[in-house]
Amino acid sequence: MVVLLGLMAALYWSNRHPKSAETAEASSDAPPKILTLKEDDIAKIDLKRKDAGEIALAKNAGKWQIDAPQRLAADQTTVSTMLSSLSSLNSQRLVEEKATDLSPYGLAAPPFEADITEKDNKTQKLLLGDNTPTGNAVYAKLEGDPRVFTVSSYEKNSIDKSLNDLRDKRLITASQDKISKVELITRKQDIEFGRNKDEWQIIKPKPLRADGTQVEDLVRNLTDAKMELGTSDDPKKIAAAFASAAPVATAKVTDESGTQELQVRKNKEDYYAKSSIVDGVYKVPSTVGTGLDKNLDDFRNKKLFDFGFNEPNKIEIDDGSKKYFMTHGGDDWWNGSSQKLDAGSAQDVVDKVRDLSAAKFVDSGFTQPSIELTVTASDGKRVEKVLLAKSGDNYIAKRDGEPSLYQIDGKTVSDLEKAAENLKPAAPANPTKLPK
């Protein structure tokens, strides 16, 4: 009876605590962590390789910089990724609890070592040895810890970085959204752009409307410009290639911190750049050079109207003896007789006016205007007037108050005239049928 009661008690206990036992078993099988550190506490990292010099990184005023083998700006994103791996480094498995001979693992004289120093000057040394037989992991250990682990090749690659990997490769460090002025000096001319809030304008060689998208592409091309670094590059040969190359452009960008300059030259099919914020001359992608090799007309606004994709409030078309008037109220368009217009035909006119764009810019040819277009937008705050004069098969357009002349394809104007002629009142609403 006593034995039976004892067996029943044991069965009861095992049924009540199965999860705890399973959790303990799973925990004992889980691969141990190699490093557990707080990223914010890491103040210095030294990377040592057998086949290369030591790379020393230190945090200064919240930003990482390279102190050795020479003082360089560091790529903050790359360093942050490396810190993330080092601060919480997991092993794949524990290979040996108390290793006495490290030679089989390549850890007796490890090819790579990372020394991580925290704010309290406590340093931990991570050693990475040979690849495992499968090739998807490497042997690893901490100095002073007898255990040998394996870590994934992915983790190893996120830690084992070269000087070229870690340095900041940007040639312009100004933030794109903070740049207020850009000057582009090419073989063709000197162009200057100024930003007023979110709108770009051409300042030099004379005040002109700018195509904001094109200017933003120019700014993006400059802020994305990065040096191409190869392990076999000879700085002296690159400097010589730059010295004998043909100038493509010099760009100057200004933000609240000052002005930065980038010179770009072309030697045969290769592009080279020299920046005012970093020493040396560097090879750059061809897109940097082609993005700067532009002329004034590439940056001019070819659209006749600036209301863009916003819905205008009013459109007036004076086409000689034909006059059209459209005003927008609520969700509908109305004509001058307060008739509701057919939505499709009205939208066609709006689209045709919006799409009026110069095929090219001209210096003459504007004579007696035959068509006058007036668009009111932004709740009456923006009124734009354009005059069109016939010139052969095309038209020459002039915006009111501006000297610039735009050549417009004749078919584009003809399509607008047809759309205006096709304006029609909206179909009457179907009357509600009362039940019999």
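Can you pull out every residue in segment 63-98 that is in a loop (DSSP other than H, G, I, E, B) and either hydroxyl-bearing (Ser, Thr, Tyr) or without any contact (Cβ under 8 Å) to a residue 12 or more places away in the chain (or both)?
GLN70, ARG71, SER91
When the residues of segment 191-213 are filtered to those that are open to solvent by 60 Å² or more (accessible area, probe 1.4 Å) and charged (D, E, K, R), which remaining residue is nearest to SER357 (Cα to Cα)?
Checked segment 191-213; the qualifying residue nearest to SER357 (Cα to Cα) is GLU199.
Give the residue that is surrounded by the most Cβ atoms within 10 Å (Cβ to Cβ), with candidates limited to residues of segment 110-119 that are modelled with pLDDT of 95 or more and not in a strand (DSSP E or B).
PRO110
Please specify each residue of segment 146-165 satisfying the condition of being more than 20 Å from ALA73 (Cβ to Cβ) and either open to solvent by 40 Å² or more (accessible area, probe 1.4 Å) or among the hydroxyl-bearing types (Ser, Thr, Tyr) (or both).
Within segment 146-165, PRO146, ARG147, THR150, SER152, SER153, TYR154, LYS156, ASN157, SER158 meet the criteria.
Go through PHE307, PHE242 for me and flag whichever is touching a strand residue (DSSP E or B) at 6+ places or on another chain (Cβ under 8 Å) and at pLDDT 95 or above.
Among PHE307, PHE242, only PHE242 is touching a strand residue (DSSP E or B) at 6+ places or on another chain (Cβ under 8 Å) and at pLDDT 95 or above.
Among (1) modelled with pLDDT of 95 or more; (2) surrounded by fewer than 21 Cβ atoms within 10 Å (Cβ to Cβ); (3) closer than 25 Å to ALA30 by Cα, where does TYR105 come up short?
Only one criterion is unmet by TYR105, namely (2).
Let's see how each residue does on (1) open to solvent by 70 Å² or more (accessible area, probe 1.4 Å); (2) aromatic (Phe, Trp, Tyr); (3) modelled with pLDDT under 95; (4) not in a strand (DSSP E or B):
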{"position": "LYS237", "(1), (2), (3), (4)": "yes, no, yes, yes"}
{"position": "GLU261", "(1), (2), (3), (4)": "no, no, no, no"}
{"position": "VAL264", "(1), (2), (3), (4)": "no, no, no, no"}
{"position": "ASP279", "(1), (2), (3), (4)": "yes, no, yes, yes"}
{"position": "VAL288", "(1), (2), (3), (4)": "no, no, no, yes"}
{"position": "GLY291", "(1), (2), (3), (4)": "no, no, no, yes"}
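When the residues of segment 179-189 are narrowed to those that are open to solvent by 50 Å² or more (accessible area, probe 1.4 Å) and modelled with pLDDT of 95 or more, which ends up farthest from VAL248 (Cα to Cα)?
Across segment 179-189, the extreme among qualifying residues is SER180.
Restricting to segment 307-327, name every residue that is open to solvent by less than 60 Å² (accessible area, probe 1.4 Å) and out of contact with any His (no Cβ under 8 Å at 6 or more places or on another chain).
Selection gives PHE307, GLY308, ILE315, ILE317, ASP318, ASP319, GLY320, TYR324, MET326, THR327.
Residues of segment 329-349 being without any contact (Cβ under 8 Å) to a residue 60 or more places away in the chain, touching a helix residue (DSSP H, G or I) at 6+ places or on another chain (Cβ under 7 Å) and assigned to a helix (DSSP H, G or I), which ones?
Residues satisfying the conditions do not exist here.
Return the pair list, or none, for Cβ contacts closer than 6 Å from residues in segment 401-426 that are aromatic (Phe, Trp, Tyr) to residues that are open to solvent by less than 20 Å² (accessible area, probe 1.4 Å) and not in a loop (DSSP other than H, G, I, E, B), at least 6 apart or on different chains.
Listed pairs, sorted by first residue: TYR406/ALA397.
Please pick out the residue among SER404, SER391, SER378 that is of a type in the set (Ser, Thr, Tyr) and crowded, with 18+ Cβ neighbours inside 10 Å.
Answer to the selection: SER391.
The values are calculated or read from the model by the stated rules, or taken from the named source; none is laboratory data. Please read these numbers as outputs of a predicted model, since none were measured by experiment. FYI the Cβ positions are ideal-geometry reconstructions off the backbone, even for glycines, and counts take in every protein chain you see. With ligands, DNA and RNA removed, areas are computed over all heavy atoms of the protein, side chains included. Shrake-Rupley method; radii C 1.70, N 1.55, O 1.52, S 1.80 Å.
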